[in-house]
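Written out below as structure tokens is the structure these notes cover.
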């Protein structure tokens, strides 16, 4: 059994991760932390965990003890916190999976420019944690920077087109909608029920922090830098992301070539479900699962391809992806603990 601890177990992603680790046949949960609920039983904070675990939330002040009891530490904290943990544990054998943004960028200057905090661990031996693109590097990584939710939906939607040079990369526009759990559990005016119910709005136009993460991953596939427009939206549902990506096709690219690129790229991927040409992914059909559903449409009138993708932002977009990376790093079958049937209706 691999010993696992979770720092930040009372956020939505952290709680989802607790659920997945408790169900994992090769993992045992040794420590969970929360600075706002230290000393409380997790089931008192999240009543749906009653009768499932009797673990008590600890403080990160016990990091040295937590590390000694752990093979892996998952960090489910806001950006800026994981770097401190990573530096403190640099000389220990424990491996880290950060669900935040601290270890997602190979160029820490990009991180500093978009997140507006100094990166204090620039020499970290970290890799980008999007399994479908970076599986081999994840296998031996000391620190894995788990891909973000919007980024997972967006990158996997466009990767086959960029990798096979089928689109004009300066024409990419991504329009994505997320449920409110992506904003976290802390109370905020924008996600207060009377404010977001029966409402639909964009935010972070031209400034959202997932933009450079998408650009970096797609630029690596393309072999040269990519600049794109990414606009997120908030919709009145708790879970799910639907991303719609637009790009101009290169001259001579046929619908068959587009379909072949998706089918070849994702032929052996256990969590990528290709719905095919002219289909419509729906967040309801991936809810509670680690799947991403992808479909594509060709607009011959404008010469554009439109790719649609749907994920559960808390699973494939966060905790499920972290467990997928954990499985790869441990040498377990990649689907272990993640054969989750979507919740329906």
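Here, each number is a calculation from the coordinates, and none is a lab measurement. Just so we're clear, the structure is a prediction, and the values are computed from it rather than from any experiment. Cβ sites come from the backbone with ideal geometry, for glycine too, and all protein chains shown count toward neighbours.
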Considering segment 274-293, residues that are crowded, with 16+ Cβ neighbours inside 10 Å and more than 20 Å from residue 237 (Cβ to Cβ), and then whichever is farthest from the chain's Cα centre (by Cα), we arrive at 275
Across (1) assigned to a strand (DSSP E or B); (2) out of contact with any strand residue (DSSP E or B) (no Cβ under 9 Å at 6 or more places or on another chain), residue 92 clears everything bar (1)
Residue check, residue 206 surrounded by fewer than 17 Cβ atoms within 10 Å (Cβ to Cβ) and either more than 22 Å from residue 281 (Cα to Cα) or touching a helix residue (DSSP H, G or I) at 6+ places or on another chain (Cβ under 9 Å) (or both)
yes
With (1) in contact with a strand residue (DSSP E or B) (Cβ under 7 Å, 6 or more places away or on another chain); (2) surrounded by 14 or more Cβ atoms within 10 Å (Cβ to Cβ) as the list, and residue 299 as the residue in question, which single condition is left unmet?
(2)
Residue satisfying all of: in segment 16-41; within 23 Å of residue 336 (Cβ to Cβ) and without any contact (Cβ under 8 Å) to a residue 40 or more places away in the chain; surrounded by the fewest Cβ atoms within 10 Å (Cβ to Cβ) among these:
28
For segment 180-198, give me each residue that is surrounded by 10 or more Cβ atoms within 10 Å (Cβ to Cβ) and in a helix (DSSP H, G or I).
180, 181, 182, 183, 190, 191, 195, 196
